[in-house]
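Reviewing the structure listed below.
All of the numbers you see were taken from the coordinates with simple rules; none came from a lab. Model, not experiment: these values are computed from the prediction. Cβ: placed from backbone, ideal geometry, glycine included. Neighbour counts: every protein chain shown.
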Amino acid sequence: MAKFLSALFLAVLFSLTVSAKELSTKDGVTYKDVTITETTPIGISFISDGKAGWLDFRDMTPHEQKEYGYNPQKADEFEQKLIQNQGNMVPADGAPDMSDIPAEANLDPNTVPQTPQNTVVVEPGQQVVYNPTYFPSAAPVYYNGWVYWHGHHYPYYWWHHWYWHHHWVYSHGRYYPWHYYHNHGIWYHGKYYPYHHGLLAEKDRCTSKEEHGMSQHPHPKGDEKPEGHRK
C-alpha cells in the first residue's frame, strides 16, 4: 500500500510538473510556471517565479498567440479605443474590487475617519494626478486617507492602484499598461508582485519621481499610428 501511494504521489507530481504552463517569445525567452493574471486584446499580464511581467501578443510565438486567443482585428479595435480615450479606460461606473484587498492596503473608518480633511473627492471624468511616491517597484507605500468615488469611500492607495491599472501609455509605436510602463507591479489574490520580466529599457519607460498626469505621456496625433496588429 505504501509503495502504491508513493507511486501515486510521484505520478501526480510528474503530471503537475509536465503540465506547468510555460510562455515563450519569438526571441527565444521562455517563462516557466506561468500564471496569467489578465488577458487584454493586445497582450497579457502574468506572474512567473514570483515576479510580474507583460507580453505583447506580437512578441509571442504563433502557438502562444493561438493559445491565448489573439485576434489582430480586435487588437486594432482596442488600440483605436485607447487613442480615442487618450489611454484612459477607467469604466465610468466601475469600482475597485474590495473582496481581494490585502490587509495592508485596507483602512478601518473607526481608526481612519472618513472626514473631508483626509478624503479626496473624485468626480467621473475628472483628471487625476499620479503620485509615484505610493508606487515604488519593490513594494507599495500606503496612505491613511480615502477617495470618495461614485457614492462610496475607498482606501486611497487601493483606489489609485485600480484607477491607474485602467490606464495605458503610448511609447515608440506601442501601448503599455500604466503600471508596467512605470515599473510597479501586479496585485493578484491579495499579494503584490513587482514587475521584473520583459522590462523596458530605462530610457524607454517613465522614471519620473514627480507628480504628473496623462499629459506627460502623449498619444498618437495626426497621421501617427501605432505599429498595428494586422500586417
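Relative contact order of the chain, please, whole-number percent, based on alpha carbon pairs below 8 angstrom and at least 6 residues apart. About 20 percent, as a whole number. Around the amide H of Trp146, modelled in the peptide plane, lie the amide H atoms of Thr119, Val120, Tyr156, all under 5 Å away and 5 or more residues distant in sequence or on another chain. Calculate the FRET efficiency for His212 and Ala138 from the Cβ-Cβ distance with a Förster distance of 25 Å, rounded to the nearest 0.05. That gives a FRET efficiency of 0.75. Only helices enter this figure: runs of n ≥ 4 DSSP H residues, each worth -39500 (n - 2.57), summed and divided by the residues of the chain, yield -6500 deg cm²/dmol at 222 nm to the nearest 500. By the beta-carbon count within 10 Å of each Cβ, the least crowded to most crowded order of Phe78, Phe46, fewest first, is Phe78, Phe46. For Lys21, the amide hydrogen comes within under 5 Å of the amide hydrogens of Asp33, Val34, counting only partners 5 or more places away or on other chains and with H modelled in the peptide plane. FRET efficiency for the pair Ala201 and Glu77, taken as 1/(1 + (r/R0)^6) with r the Cβ-Cβ distance and R0 = 35 Å, rounds to 0.75. Straight-line cross-link partners of Lys221 among the aspartates and glutamates, defined as a Cα under 16 Å from its Cα and at least 8 positions apart when in the same chain: Glu79. In whole Å, how far is the Cα centre of region 165-231 from that of region 18-60? A separation of 17 Å, based on Cα centres. The residues His196, His165, His189, when put in order of fewest to most other Cβ atoms within 10 Å, stand as His189, His196, His165.
Each other residue within a Cβ distance under 11 Å of Leu23 adds +1 if Lys or Arg and -1 if Asp or Glu, for a net charge of -3. Measuring nothing but how far apart in sequence close Cα pairs (under 8 Å, 6+ apart) lie, relative to its length, region 102-223 scores a relative contact order of 25 percent. Residues His219, His182, ranked from the fewest to the most other C-beta atoms within 10 Å, line up as His219, His182.
Straight-line reach from Lys66: which lysines fall under 20 Å, measuring Cα to Cα and dropping same-chain residues less than 8 apart? Within the straight-line limit of under 20 Å, Lys66 reaches these lysines: Lys21, Lys26, Lys32, Lys74, Lys231. Pairwise Cα distances in region 107-197 exceed 23 Å in 30 percent of cases. If you take all other residues with their beta carbon under 13 Å from the beta carbon of His161, and give Lys and Arg +1 and Asp and Glu -1, the sum is -3.
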